[in-house]
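Only one structure is covered here, and it is reproduced in the block below.
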Amino acid sequence: MTDNGNILLHLKQGLPGYSPALQKLGDFILTEPQRVLYLTITELAKETDTSEASVTRLCRNLSCKGYTEFKMALALDVQQSQPALAATGDPVDALVEESVQALRDTGKFIDREVLQQAGAAVHQARSIQIYGVAASAITGEYLHYRLLRLGKSAQLFGDMHRAAMNASTLGEGDLVIAISASGSTKDLMHVVNVAKKRKAQVLMLSNTLRSPMGNLADMLLVAARPEGPLNAGTLSGKVGAMLLVEALMGELMAHDAHYATASQQTASATLPMLI
């Protein structure tokens, strides 16, 4: 990787020798580096009217193995170039407001028609497989817990090697719920591809509207507040995803009164464990 803190300088210096497509990309990155941090490779290619191959070529010209490594170097560069801001107001209040706004934005952003389709898919699924890694696995754990409370059996995989083996055994009638904030996690994308080849249905929960994995999904639910390379897993990025889970559970419960009964039953099962 190019030395941290120098990637924009390297880009600026090398820009005159690049092809027209790479120059267009470079100009966009130099003009809006903060915005690029929150764009997937698909979105950056679309914004610049270039291609994902051109983005990858530019990353390699900058001594990065790929787009993910490039965004990490860019994030460090942007962070180092910004002067430390004096604290204004109460940081806890700021965090609360940011998280509440993320919930409001997600509520406005949820496609109700897709949500209904997703609820029906979960209700009708022969089996449910949940895949997610790193910070997205936290959302996966929460989804798995909520389904368990409603008496809906599901399997959760955070290890993508095991997930790939699981996906290879799926078929029509099975539902995969893939969770990826960026929609471009390489290992998870491979697993989703395996599941698609086996004719399994794919529901994706993401923070990104357009992404390589989103293009593979049959249904896509998107939470607000895209996550950047240095803020993955933060509260404002996760509360929107949690809202997606709750909205999905609401749709599921609307399909059968059995789920409300199961919720009471599973809650009662844990009461003797409380002091």
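The values are calculated or read from the model by the stated rules, or taken from the named source; none is laboratory data. Since the structure is predicted, the reported quantities are computational estimates derived from the model, not experimental observations. Using ideal geometry, Cβ is built from the backbone for each residue, glycine included, and neighbour counts are taken over all protein chains shown. Just the protein is used for accessible areas: all its heavy atoms, side chains included, with ligands, DNA and RNA removed. Shrake-Rupley method; radii C 1.70, N 1.55, O 1.52, S 1.80 Å.
Matching residues to (1) open to solvent by less than 50 Å² (accessible area, probe 1.4 Å); (2) at pLDDT 95 or above; (3) within 20 Å of the chain's Cα centre (by Cα):
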residue: Lys186; (1), (2), (3): no, no, yes
residue: Leu203; (1), (2), (3): yes, yes, yes
residue: Ser206; (1), (2), (3): yes, no, yes
residue: Val222; (1), (2), (3): yes, no, yes
residue: Asn231; (1), (2), (3): yes, no, yes
residue: Val239; (1), (2), (3): yes, no, yes
residue: Glu246; (1), (2), (3): no, yes, yes
residue: Gln264; (1), (2), (3): no, no, no
residue: Ala267; (1), (2), (3): yes, no, no
(message) Pairs needed: first member in region 108-123, open to solvent by 100 Å² or more (accessible area, probe 1.4 Å); second member anywhere, at pLDDT 95 or above and part of a helix (DSSP H, G or I); C-beta distance under 8 Å; at least 6 residues apart or different chains.
(response) Gln116/Glu251
(message) Of all residues being open to solvent by 10 Å² or more (accessible area, probe 1.4 Å) and either among the polar types (S, T, N, Q) or within 30 Å of Asp93 (Cα to Cα) (or both) in region 209-220, which is modelled with the highest pLDDT? Just the residue, please.
(response) Asn215
(request) Please work out which one of (1) under 26 Å from Ala178 (Cα atoms); (2) touching a Leu at 6+ places or on another chain (Cβ under 7 Å); (3) open to solvent by less than 20 Å² (accessible area, probe 1.4 Å) is the condition His144 fails and give its number. (result) (3)
(message) Suppose the filter is at negative phi and touching an Asp or Glu at 6+ places or on another chain (Cβ under 6 Å); does Ser184 pass it?
(response) no
(request) Tell me, yes or no, whether region 188-195 has at least one residue that is open to solvent by 30 Å² or more (accessible area, probe 1.4 Å) and free of Cβ contacts under 8 Å to residues at least 12 places away in the same chain. (result) no
(request) Output the residues belonging to region 19-28 that are crowded, with 19+ Cβ neighbours inside 10 Å and not aliphatic (A, V, I, L, M). (result) Gly26
(request) Considering each residue of region 196-208, count those that are free of Cβ contacts under 8 Å to residues at least 40 places away in the same chain and within 19 Å of Met242 (Cα to Cα), and give that number. (result) 4
(message) Residues that are of a type in the set (Lys, Arg) and within 22 Å of Ala181 (Cβ to Cβ), at least 1 per element: which helices (runs of 4 or more DSSP H) completely within region 1-71 meet that?
(response) 33-36, 41-47
(message) Within region 124-141, take every residue that is of a type in the set (Gly, Ala, Ser) and buried (at least 23 other Cβ atoms within 10 Å of the Cβ) and give me the one that is nearest to Met160 (Cα to Cα).
(response) Gly132
(message) Name the residue that is farthest from Ser184 (Cα to Cα), counting only residues in region 54-77 that are over 22 Å from the mean Cα position of the chain (by Cα) and aliphatic (A, V, I, L, M).
(response) Leu62
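Just one of Thr50, Thr31 is farther than 15 Å from Lys71 by Cβ, within 28 Å of the chain's Cα centre (by Cα) and surrounded by fewer than 19 Cβ atoms within 10 Å (Cβ to Cβ); which is it? Please lay out each step first, then the result.
On the way: Thr50 fails: surrounded by fewer than 19 Cβ atoms within 10 Å (Cβ to Cβ).
Matching residue, one of Thr50, Thr31: Thr31.
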(message) When you scan region 86-95, do you find a residue that is modelled with pLDDT of 90 or more, within 30 Å of Leu248 (Cβ to Cβ) and open to solvent by 40 Å² or more (accessible area, probe 1.4 Å), even just one?
(response) no
(message) List the strands (runs of 3 or more DSSP E) inside region 93-209, counting only whole elements, that have at least 3 residues being within 25 Å of Thr261 (Cα to Cα).
(response) 127-132, 174-179
